[in-house]
1. Only Lys, Arg, Asp and Glu count, each charged at its Cβ (+1, +1, -1, -1), so figure out the dipole size of the chain about its Cα centre, rounded to 20 debye.
2. Sort 73-83, 98-108, 30-40 by the packing proxy (mean of other Cβ within 10 Å over each peptide's residues), most packed first.
3. Against the globular-protein guess of 2.2 N^0.38 Å, express the Cα radius of gyration of the chain as a ratio, rounded to two decimals.
4. Counting pairs of alpha carbon atoms under 8 Å apart in space and at least six apart in sequence, what relative contact order in percent does the chain give?
5. Using only C-alpha positions, report the orientation-averaged shadow area of the convex hull of the stretch 66-124, nm², one decimal.
Amino acid sequence: VQLQASGGGLVQAGGSLRLSCAASGRTFTSYTMGWFRQAPGKEREFVGSISRNGGSTYYADSVKGRFTISRDNAKNEVYLQMNSLEPEDTAVYYCAASPLAALRTTTVALYTYWGQGTQVTVSS
């Protein structure tokens, strides 16, 4: 699976952005999809995940209630809608695919495929 993330940019605090991740290959529905982010000087951290059929999602506490993950299996795409953005959300955002069915797959090492990342910058 090859992943291509897009949609990042510069936004003011309180604003919104929608990230997209397009997947190639015919086995998109075999993967739990996740979003991670990495701020300068920090480790890559889990943002959220979505089950293979899109019926369930799981979020890090830091984004719960502000971010929403969805997927369109017909288009082989996964999305991250980010609302009420804060300067602390500034990071490079990555989409990733895990072969594990468990939704609470929060560890970087459990994701097999990664997109190239897209920069999100939130100004105060």
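None of the figures in this text is laboratory data; all of them are computed from the coordinates on show. None of these values were measured; they are calculated from a predicted model. Cβ atoms come from the backbone with ideal geometry, glycine included; neighbour counts cover every protein chain shown.
1. For the chain, the charge dipole is close to 320 debye.
2. The most tightly packed comes first, giving 30-40, 73-83, 98-108.
3. 0.96
4. 36 percent
5. With the hull built on Cα positions only, its mean projection is 4.9 nm².
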